[in-house]
Number of protein chains: 4
Amino acid sequence: MFITMKPDATEAESQAVADKIRALGLTPHPISGAERRVVAVIGNVAGIDPDDFAIMPGVFEALRVSQPFKLVSREVKAEDTIIDVGGVPLGGKAIVVIAGPCSVESRDQILEVAHAVKQAGAVFLRGGAFKPRTSPYEFQGLREEGLKLLALAREATGLKVVTEVKDTETVPMVAEYADVMQVGARNMQNYSLLERLGSVDRPILLKRGLSATIKEWLMAAEYIVAKGNPNVALCERGIRTFETMTRNTVDINAIPVLKALTHLPVLIDPSHGIGIRQHVPAIARAGIAAGADGIIVEVHPRPEKALSDGHQSLTPAEFEGLMRQVRVIATAVERSVVVRS
Amino acid sequence: MFITMKPDATEAESQAVADKIRALGLTPHPISGAERRVVAVIGNVAGIDPDDFAIMPGVFEALRVSQPFKLVSREVKAEDTIIDVGGVPLGGKAIVVIAGPCSVESRDQILEVAHAVKQAGAVFLRGGAFKPRTSPYEFQGLREEGLKLLALAREATGLKVVTEVKDTETVPMVAEYADVMQVGARNMQNYSLLERLGSVDRPILLKRGLSATIKEWLMAAEYIVAKGNPNVALCERGIRTFETMTRNTVDINAIPVLKALTHLPVLIDPSHGIGIRQHVPAIARAGIAAGADGIIVEVHPRPEKALSDGHQSLTPAEFEGLMRQVRVIATAVERSVVVRS
Amino acid sequence: MFITMKPDATEAESQAVADKIRALGLTPHPISGAERRVVAVIGNVAGIDPDDFAIMPGVFEALRVSQPFKLVSREVKAEDTIIDVGGVPLGGKAIVVIAGPCSVESRDQILEVAHAVKQAGAVFLRGGAFKPRTSPYEFQGLREEGLKLLALAREATGLKVVTEVKDTETVPMVAEYADVMQVGARNMQNYSLLERLGSVDRPILLKRGLSATIKEWLMAAEYIVAKGNPNVALCERGIRTFETMTRNTVDINAIPVLKALTHLPVLIDPSHGIGIRQHVPAIARAGIAAGADGIIVEVHPRPEKALSDGHQSLTPAEFEGLMRQVRVIATAVERSVVVRS
Amino acid sequence: MFITMKPDATEAESQAVADKIRALGLTPHPISGAERRVVAVIGNVAGIDPDDFAIMPGVFEALRVSQPFKLVSREVKAEDTIIDVGGVPLGGKAIVVIAGPCSVESRDQILEVAHAVKQAGAVFLRGGAFKPRTSPYEFQGLREEGLKLLALAREATGLKVVTEVKDTETVPMVAEYADVMQVGARNMQNYSLLERLGSVDRPILLKRGLSATIKEWLMAAEYIVAKGNPNVALCERGIRTFETMTRNTVDINAIPVLKALTHLPVLIDPSHGIGIRQHVPAIARAGIAAGADGIIVEVHPRPEKALSDGHQSLTPAEFEGLMRQVRVIATAVERSVVVRS
């Protein structure tokens, strides 16, 4: 159950609500960061009547929520969340395109890609500075040097920057440079990181864990929102199945399911998803056709020389071709692609 | 290795090739039904030089095929297979739409649906007369009566009929009524059935098994083609994963992968795939955007009263809306939807 | 709901029960082959009181069954099914060991293996005469010749014979030679085959489908039993997961779950399961420790020369070592291994 | 490739090796914490001859390692790692039993369980003080208070303490109280945490991720060992599959596979694995029969009142029964259960 206070509710009125919750053997859980004071009622609320709270002074409404994810649910908030990233909308009717290399490798590389993807119509630049790698012996990213190069590319092109944060220690550093902070698939249930990101003033792009159910994924988003950061976007990037011909199995089904369950924006990452360059455009198109609010695509000027994931990166020319197709498909679902103002 | 004889090769020349294969400790496997005589060489061909055969009298070419699936592979035949179903093309640039109820239930029901889906633009009518069901206590279909009703609906509308065959015993009966015979997911590796369908004069729609790899699926198609029936279309209908919010996980990734590996047409069944009516159009659109050659969609005039799978059937009106979106998406991939002449 | 008639119930009494079922808008489904007349009530029985039937003349009991599988459920029959295979018990407290080659290859091979596994303590000989293979170009078995060799080995050793039946056409032929007929994983939901085996006078060893849930597997067994053959044993042989280091993932968890849900015997096939010779004994031991009623193990005198699956076959000496371990583990679960009388 | 220096190698000799590696276009990666200086050679070593290094002054041996996991591989170290936990061996021939509640709930609860499991034969006490939970609204553990209670129970019983660490921030705090620090399944690829644990003077119990392959799991262990902590034990706790009747699918197959690939100890957690109390003993027995070096079992005096995971906890009496069975099975694999001295 969720109890929302009126804007002008007094502290004493809030206190009375919390007291009543405790008197019923339940626990009040204040939601930080929401516009109004909201209290989640934790425990078995099966026998409790919301009206008992709704009539209390200072209470705006008391709502029973059937799903275990609450703040991110459409039951609690019906309209789409539109995240304002320095003037660029993420979510809503417009479709955003994020593009860039897997890893930031050098000044020249990131500037070249940034100009190319901007030219083709991207509004966000992606690029990894901290790279979680399966092997301790692989390239782990340029770290702060990489973040600085991303900021430089932003300055040069006006593109917004999306980059991964991989642990709580580097949250302040990444927040300093990034416009949107990405949580990778392997960290989707790193709850200490999620909670820390709940108090950061940056939107979060939360990738789906390799074997996370849709429900678990929404619960992970709930962690961030419950700690005070309502600006979370979800990104489907492929799940693990028995099929070995593709890197992962992009779960296109998750897109319409999520759009019905949550008000958060839903993006798709076809590059890590299918993991085969020639097939990336097909999956990107499918994502938009299924209702995704955006795509995040790996682009590299010379994929065969990339330090990571070159086999799944598009060339700038291939990316431009994809953009043309995406614009047509957007019209089929009565949407359009966000362009730089 | 595959050895193709010239059109005018003599029996003695073919015999000489077979003898040479045996002399090398390998086994000749004649491929029935191909336009020209083709012999697959079975065994370890690693040390054999195709040129040793290519120079023999009557031989057109000798080709090493790297994949375990051979006749269905693009290595063996680069151009798309276009199956001619009584004048309607299945495969190639045109996109086919197959629609109809899960089960044939009655004369009125099948006629009503047939007219409705024809009106909206379908060129094939689907409908199950034999229904393999998980439980022995569930509705198993109207059997021959259902086949007769499908034939009636074909007569009334001009739509071609696709229906499932579930065992070898009923192959002749189903072949008598159907334009295309469907093999269900649970029978994908029923090799006796596949072999029997290799000698039937009807195109086959081969659904993917619930946990079949793409390779195993192509091998199942190979069974049919190797026995003499080259007219096989593949249909992705969702695989089994850990996710429980959807009935199956439609593997959209399989579509571009298959289109690169095989010349056979590739369709998608969004209805059984995601299994939730409101989300069927999203998956259908995604399939076309990813490059599928057609869709097979469940449509029922009153889904809530269907004897099977009503929760995943579109109403005729919803189907019509989907058709409009599909036509736009087809243009994005430079294709168009097949219409009735 | 299940209604069991008294042994001396009259035809008229049975008819009255069926009429009452129909009068309630439900369907009576007589179960063939059970010792007494049993009628399953198909349809929504939520509002029906079993006592309304229990008081009717000739009715022994009326039982609500919560699971979709009914005849195979412990709710319907609490005590273990013990199948009598010509004097050898399959099921109950005793543990059976089935061993032999993947394929019957020759007279000498099958006789050599049969003597070796008998010597080590097996009571059943396994061996494939019909081999469903992923590729149409692979060795498909010796067919009837293989069955004859199995019968010969039975005569020579007294071992009972377990062999696979792969289609309805060959049911009579296989039944002529086999003591137990095996249904392979790929045919677990070949309902025409299951129904046919319901009227055969041979016990059935039903392997689990590659991605069959436990519930689907029990429903497949229900098909056979509902058609009149109560002698079904289940065999766990590994499911399909994302792990690629092993051939399949033997689902050891299924064993205790099944033993609680069903009265049918449950065996384990470690050979096809893990698919790596050196690890087969570990999985066989685990199966017995988890409560399996038997194991089915591939043994080949010269695994490196086997026509199929040699990489997962034990040598006779390895099998003998395994038998010694199995006997000790059996005592830990208060059981013992069946020996030839 | 791995180059091990002689114990008395000079700094200049080490330097010469590193220089030669760089001269070949490769990267030297010194392994911290190993007894001798070891340098991993990172990059494509296909064309490099180990003997070119083996003959250099100060070099003990140069070894090509085929697996991507190196330090944890049996190729690099053939004999079992036996971790000395304050006199109790973890790994080797002896089997360890870890038992205790899912969460530490109170002084009385943890003391009661500790005495009970000690009585039944456990040598380690488990108990969660920090609980990563899917929902932000669930009980998250007593935190430091829980750690203090575990230490108290250790003092009272002499049992060693195993408890989970869930983030880098709390590593020092957990290390202060725990004898063995556990990394949970969701953190298996939390590389910042793994690296931090590489420099902690405590053994690590690394649980398998829900959909981690065996290879990825070994790579995660490699992270810890490569950073200097060789005392890592692996714990299979069930993977995610399509089956929903059990909480997870305990991958019993992983046990013999791991025992062949790595020298690290391998344990099994049947409680989280199957997640159903009545079936926990079957899985525990299977684990030991398959070759596991220990089990970690949830025990709670009143499972129905547990704050977390009560439905999968054994009572002390059930645990005692399990211990008796485990001792018999241990003899079948020529091992015995560690007892408190």
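The values are calculated or read from the model by the stated rules, or taken from the named source; none is laboratory data. As the structure is a prediction and not an experimental result, all values here were calculated from the model. Neighbour counts are summed over all protein chains in view; Cβ atoms, including those assigned to glycine, are modelled from backbone coordinates with ideal geometry. Just so you know, the surface numbers come from the protein's heavy atoms only, side chains and all, with ligands and any DNA or RNA stripped out. Shrake-Rupley method; radii C 1.70, N 1.55, O 1.52, S 1.80 Å.
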*DSSP beta bridge pairing in chain C, given as percent antiparallel to the nearest 5*: 35 percent
*Taking only protein heavy atoms and a 1.4 Å probe, what accessible area per residue, in Å², does chain C have with all protein chains in place?*
34 Å²
*Relative contact order, percent, of region B:186-292 when contacts are C-alpha pairs under 8 Å separated by at least 6 residues?*
23 percent
*Debye intensity ratio in log₁₀ form over the Cα atoms of region A:75-129, taken at each q of 0.19, 0.27, 0.28, 0.31 Å⁻¹*: -0.72, -1.04, -1.08, -1.17
*asked:* Let me confirm one metric for peptide C:321-330, namely the mean number of other chain beta-carbon atoms within 10 Å of its residues' beta-carbons.
replied: 3
*In nanometres, what is the gap between the two model label sites at D:Arg22 and C:Arg107, each 7 Å from Cα along Cα-to-Cβ?*
7.5 nm
*Inter-copy label distances at A:Gly92, 7 Å along the Cα→beta-carbon direction, one decimal in nm, shortest first?*
4.6, 6.7, 7.6
_Exceeding the 21 Å Cα-Cα cut-off - candidates D:Lys6/D:Lys93; C:Lys70/C:Lys160; A:Lys131/A:Lys259; A:Lys77/A:Lys259_ = D:Lys6/D:Lys93; C:Lys70/C:Lys160; A:Lys131/A:Lys259
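By its C-alpha gyration tensor, with a ≥ b ≥ c as the square roots of the eigenvalues, how is chain A shaped: rounded for a/c under 1.5, else prolate for a/b larger than b/c, else oblate?
Since a/c reaches 1.5 and a/b is larger than b/c, the shape of chain A is classed as prolate.
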*On a C-alpha basis, how far is the centre of region A:200-220 from the centre of region D:1-60 in Å? Whole number, if you could?*
42 Å
*What are the ³J(HN,Hα) values, in whole Hz, obtained from phi via the Karplus relation 6.51 cos²θ - 1.76 cosθ + 1.60 with θ = phi - 60°, for each residue of region C:109-125 in sequence order, with x given for Gly and Pro?*
4, 5, 5, 4, 5, 4, 5, 5, 6, 5, 4, 7, x, 6, 10, 10, 10
*Any chance you could check region B:284-309 for residues losing 20 Å² or more of accessible area when the partner protein chains are in, compared with the chain on its own (1.4 Å probe)?*
B:Arg285, B:Ala286, B:Ala289, B:Ala290
*To the nearest 0.05, what FRET efficiency results for A:Ala260 and C:Ala156 with a Förster distance of 60 Å applied to their C-beta separation?*
0.35
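Could you tell me which of rounded, prolate or oblate describes region A:65-190, using a ≥ b ≥ c as the square roots of the eigenvalues of the alpha-carbon gyration tensor, with rounded for a/c under 1.5 and, failing that, prolate when a/b is larger than b/c and oblate otherwise? Write out the running numbers ahead of the final one.
On the way: a/c = 2.36, a/b = 1.32, b/c = 1.78.
Judged from the Cα gyration tensor, region A:65-190 comes out oblate (a/c at least 1.5, b/c at or above a/b).
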*What does the convex hull of the Cα atoms of region C:1-160 come to per residue, in Å³, rounded to a whole number?*
182 Å³
_Rounded to whole angstrom, how close does the nearest chain B beta-carbon get to the axis mapping B onto C, and which residue is it?_
B:Ser211, 2
*Those residues of region D:103-134 for which accessible area with every protein chain present is at least 20 Å² below the isolated value (1.4 Å probe)*: D:Arg133, D:Thr134
*asked:* At a threshold of 8 angstrom on Cα-Cα distance, excluding pairs fewer than six apart, so keeping six or more, what relative contact order does chain B reach in percent?
replied: 17 percent
_Given Cβ point charges of +1 (Lys, Arg) and -1 (Asp, Glu) and nothing else, what value in debye, to the nearest 20, does the dipole of chain C about its Cα centre take?_
660 debye
*Value of Rg to Rh for region B:237-341 (Rh from inverse mean 1/r over Cα pairs, i.e. Kirkwood)*: 0.98
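Taking only the alpha-carbon atoms of the protein assembly as shown, what semi-axes of the equivalent ellipsoid follow from 5 times the gyration tensor eigenvalues under a square root, in whole Å, largest first?
Working: eigenvalues 428, 334, 291 Å².
Equivalent-ellipsoid dimensions as semi-axes: 46, 41, 38 Å.
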*Determine the percent antiparallel among the DSSP beta bridges restricted to region D:192-302, to the nearest 5.*
10 percent
*Express in whole angstrom the spacing between the alpha-carbon centres of region D:312-326 and region D:113-165.*
18 Å
*Would you calculate a helix-derived [θ] at 222 nm for chain D, using -39,500 (n - 2.57) for each DSSP H run of n ≥ 4 and dividing by the full residue count, to the nearest 500?*
-10000 deg cm²/dmol
*Using the Cα gyration tensor of region C:127-243, with a ≥ b ≥ c the square roots of its eigenvalues, what is the shape: rounded (a/c below 1.5), prolate (a/b larger than b/c) or oblate (neither)?*
oblate
*Determine, at each q value in 0.21, 0.32 (inverse angstroms), the log₁₀ of I(q)/I(0) that the Debye formula gives when each Cα of region A:21-68 is one equal point scatterer.*
-0.81, -1.49
_Residues of region A:139-171 with amide N under 19 Å of the 7 Å Cα→Cβ point at A:Gln119_ = A:153-160
*Could you give the angle, 0 to 90 degrees to the nearest 10, between helix A:11-23's Cα long axis and the longest principal axis of the Cα atoms of chain A?*
80 degrees
*asked:* Can you tell me what share of the DSSP beta bridges in the protein assembly as shown is antiparallel? A percent to the nearest 5 is fine.
replied: 35 percent
*Can you put D:Leu264, A:Leu261 in order of accessible area, largest first, using a 1.4 Å probe?*
A:Leu261, D:Leu264
*How many nanometers, to one decimal and shortest first, lie between the label point of A:Gly321 and those of its other copies, if labels sit 7 Å from Cα toward Cβ?*
3.4, 5.7, 6.6
*When each copy gets a label point 7 Å from Cα toward the beta-carbon at D:Val45, what are the spacings between them in nm, shortest first?*
3.9, 5.8, 6.7
